[in-house]
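Have a look at the structure below, then the notes.
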Amino acid sequence: MGLFGTGSMVVFGAIYVETATYLKRQSEIWLRREMAGRVLSSPAERIEHLNARSQTDFGEQRPFVLFAADGRLLAGRMATRPQPPVFDAPFIFRTITSSGHPITYRTLAHRLDGGQMLVVAQDVDEADDFSKLIVHAVLMGGAFMLVLGLGGAIVLGRSTARHIDAMRLAIERIVTGHLSERLPIGGGHSDLERLARVVNTMLDELERMVGEVKSVCDNIAHDMRSPLARLLAGLERAQRRDGDRVAMRDSIETAVAETKQILRIFAALLRISEIEDGVRRAGFERVDLATIAADAFDYHQPAAEARGIRLDCDAPGRLLVEGDSDLLFEALTNLLDNAIKFAGERGRVMLSIAAGPVIRVADDGPGIPAHEREAVLRRFERGEASRNHPGSGLGLPLVAAIARLHGLTVEIGDGMPGCAVTLRPGGPEQSVRKRASRPQFWRSSLHRSG
Amino acid sequence: MSNSSSVARVSAHRLLVVEDDVRIAAEIIAALADHGLDADHVGTGDEAVDLACRNSYAALVLDRMLPGKRDGLAALTEMRARGVVAPVLILSALSAVDERVRGLRAGGDDYLTKPFEFAELTARVDALLRRGKPARDAVLAVYDLRLDLLTRTATRGDQAIDLLPREWRLLEYLIRHEGQVLTRAMIFEGVWGYRFDDRTNTIDVHMSNLRRKVNCAGVALIHTVRSAGYVLRAPR
């Protein structure tokens, strides 16, 4: 409001100055014109004209006066004789009217042949009146605007302050753990509202991620509980039977195996975390996805064959992408492993690569049980059937992390029959998120056993 | 086990372990000792540079995270600058590929991420110790097994062995490391060229197929080494 007000004042000021200057100029032009006219007329006409004027010019606002060389008033009416500082150029002359009122004239004086002085003048206030009108208008307008503006500002400000207060309260609640709270929005389009909307979207994402992390931590704790329990049991058994060398050796071997399994889970967790942090982006190069797919196919082919599963690979001759070849291979391995594991006897697994890049691993196994389909598509829930499969715990979260790092999303589809996992470009990786927050841990699923 | 003798020593198979965690260091040294390798131990980068330059070690096991101003990679760079040519196995908690590249660029020869299995450590140390000049022979042979690299054929005695391309690559790798225990990770990296932790041991299927083809043609040459990996060696 202040800005607008100042701006307006400046504009009005400019208008005033321009108007005043214009009026002054017009006045001077008029003086010169009249002067020229009087000078050109004959002396007799001149005197007659001046006298006639002074009859009608009651306010003495535009006197035309003729003075003799010795200063005597010859025609026209003027209380005192002006002493022009210069001839033929306008000057200000202060005198009084016949009725004794002070008056200020813009005056033009001319020396005639013979020593007479011809004076043409105009009351300065006459021109000034208009300027004064403008000033009054401006002041009135200014005052009005001030009142209106202040009033408006108070009303608006109060409403904004209320809005901000509401937001502050909501944020406080969120910070103390009520993650499902959102900032209030009224449906308007002010900047504040837009900001609130953006923050709410961010909170949606945050809530989801925290939920994921909680869920994954729970699942991981569960995954590790069994190996740790077995480890402890085995070692305690060794303690009890410490005389029996065979039993001891047996227990130690079991302990080693379980510990390795636990270490693998940890290592996978750390890697997911590293990948999520984008640290491995630094290792990105131009790699040929077709070659990687061919290598993955080559690697898993014997295992598939051993289970009677037909593994096919459909890839173009060359597909260059920006990525990490080790990670891409690992992602493919995880997907192929799962597919082969769950395809069932004499099933088919197809690995396809297309430009995009789009990576798809599909099997024609039993597919996803109806009651798990939605859960799997929504949120990588851990399915019942997977509970006893070793090592399948962190496969999909790892694939998801690798996918995200490469700007891809993971879709689990129902192959009808079977299951298809597709990686394709997309996902929030594209947006601002750099070192954002915590990991997108998704819990693995793929449990489809009939 | 700390030993900072001022007498220069040249030893065929003495290693230097640079690790600031005393307990891990003890385990590493014990594992190496069980494997028949002696080792000195220091805990800082400065000491490492000092000893490595004064003594001639067969190989180094170097932890990246070291206390003090000089971390593992800085120490390694310094050593290489001063002419230490011994192969170096870098240990680190960082598995990111760019970290690995940095380690290798600083002069490392191999890289292991913690936590690691000690069988992996000893196998890789062995590989570093036995690293010789790359064989440029056209034929690789162990016992009665011959691989002709030009014709890409394999025979045992006079019997040809029919191998798929990937089986060929696998066998070539095993023969080039004849006598060394090779972990699954090493075999995978050596043959497929990627680096990752395959927790499902898919490689076993490959090895099983290959073993069947190779061993059946005569005396068994490819053996499984429990808890470690595989080895190809001539019968004693």
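The values are calculated or read from the model by the stated rules, or taken from the named source; none is laboratory data. Just so it is clear, the model here is predicted, and its values are computed rather than measured. Quick reminder, even Gly has a Cβ in these numbers, built from the backbone with ideal geometry, and neighbours come from all protein chains shown.
Brief remarks follow.
- Matching residues in the range B:39-66 - criterion: being within 16 Å of B:A81 (Cα to Cα) and of a type in the set (V, I, T): B:V49
- Check on A:R32, surrounded by 11 or more Cβ atoms within 10 Å (Cβ to Cβ) and either of a type in the set (K, R) or more than 25 Å from A:S131 (Cα to Cα) (or both): yes
- Test: residue in the range A:253-260 that is among the aliphatic types (A, V, I, L, M) and under 30 Å from A:M167 (Cβ atoms): no
- Residue pairs meeting the criteria (Cβ under 6 Å; at least 6 apart or on separate chains; first farther than 18 Å from A:L23 by Cβ, in the range A:97-122; second at pLDDT below 85): A:T97/A:E60
- Restricting the range A:155-168 to residues that are loosely packed, with under 13 Cβ neighbours inside 10 Å and hydrophobic (A, V, I, L, M, F, W, C), the residue that is nearest to A:D204 (Cα to Cα): A:I164
- Check on A:S180, among the hydroxyl-bearing types (S, T, Y) and surrounded by fewer than 16 Cβ atoms within 10 Å (Cβ to Cβ): yes
- Residue within the range A:256-269 that is surrounded by fewer than 17 Cβ atoms within 10 Å (Cβ to Cβ), under 45 Å from the mean Cα position of the chain (by Cα), in a helix (DSSP H, G or I) and assigned by TED's automatic domain parsing to the domain that holds A:D363 present: no
- If you filter the range A:261-271 down to residues that are more than 8 Å from every other protein chain (Cβ to nearest Cβ) and touching a Pro at 6+ places or on another chain (Cβ under 6 Å), you find that the one that is modelled with the highest pLDDT is A:I262.
- Of the residues contained in the range B:180-200, none is found to be over 20 Å from A:A303 (Cβ atoms) and without any contact (Cβ under 8 Å) to a residue 24 or more places away in the chain.
- Out of B:E78, B:E99, sole residue that is within 14 Å of chain A (Cβ to nearest Cβ) and over 19 Å from B:I28 (Cβ atoms): B:E99
- Some residue of the range A:196-204 being touching a helix residue (DSSP H, G or I) at 6+ places or on another chain (Cβ under 6 Å) and part of a helix (DSSP H, G or I): no
- Some residue of the range A:65-84 being under 27 Å from A:T19 (Cβ atoms) and either in the same structural domain as A:V11 (by TED's automatic domain parsing) or touching a residue at least 24 places away in the same chain (Cβ under 8 Å) (or both): no
- Number of the condition not met by A:A229 [criteria: (1) more than 9 Å from chain B (Cβ to nearest Cβ); (2) without any contact (Cβ under 8 Å) to a residue 60 or more places away in the chain; (3) closer than 22 Å to B:D197 by Cα]: (3)
- Considering the range A:299-320, and only residues there that are crowded, with 22+ Cβ neighbours inside 10 Å and within 48 Å of the chain's Cα centre (by Cα), the residue that is farthest from A:D288 (Cα to Cα) turns out to be A:H300.
- Across the range A:162-175, the number of residues qualifying as without any contact (Cβ under 8 Å) to a residue 12 or more places away in the chain and over 16 Å from A:G211 (Cα atoms) comes to 6.
- Failed item, numbered, when B:A141 is tested on (1) away from every other protein chain (no Cβ under 14 Å); (2) part of a strand (DSSP E or B); (3) under 24 Å from B:N55 (Cβ atoms): (3)
- Residues located in the range A:10-44, provided they are of a type in the set (A, V, I, L, M) and either within 20 Å of A:E126 (Cβ to Cβ) or touching a residue at least 60 places away in the same chain (Cβ under 8 Å) (or both): A:I15, A:V17, A:A20, A:L23, A:I29, A:L31, A:M35, A:V39
- Residue in the range A:272-284 that is surrounded by the fewest Cβ atoms within 10 Å (Cβ to Cβ), counting only those that are at pLDDT below 80 and more than 7 Å from chain B (Cβ to nearest Cβ): A:S273
- Residue within the range A:221-236 that is touching a Leu at 6+ places or on another chain (Cβ under 9 Å) and surrounded by 12 or more Cβ atoms within 10 Å (Cβ to Cβ) present: yes
- Considering the range B:64-101, the residues that are among the β-branched types (V, I, T) and at pLDDT below 90 include one that is surrounded by the most Cβ atoms within 10 Å (Cβ to Cβ), namely B:V97.
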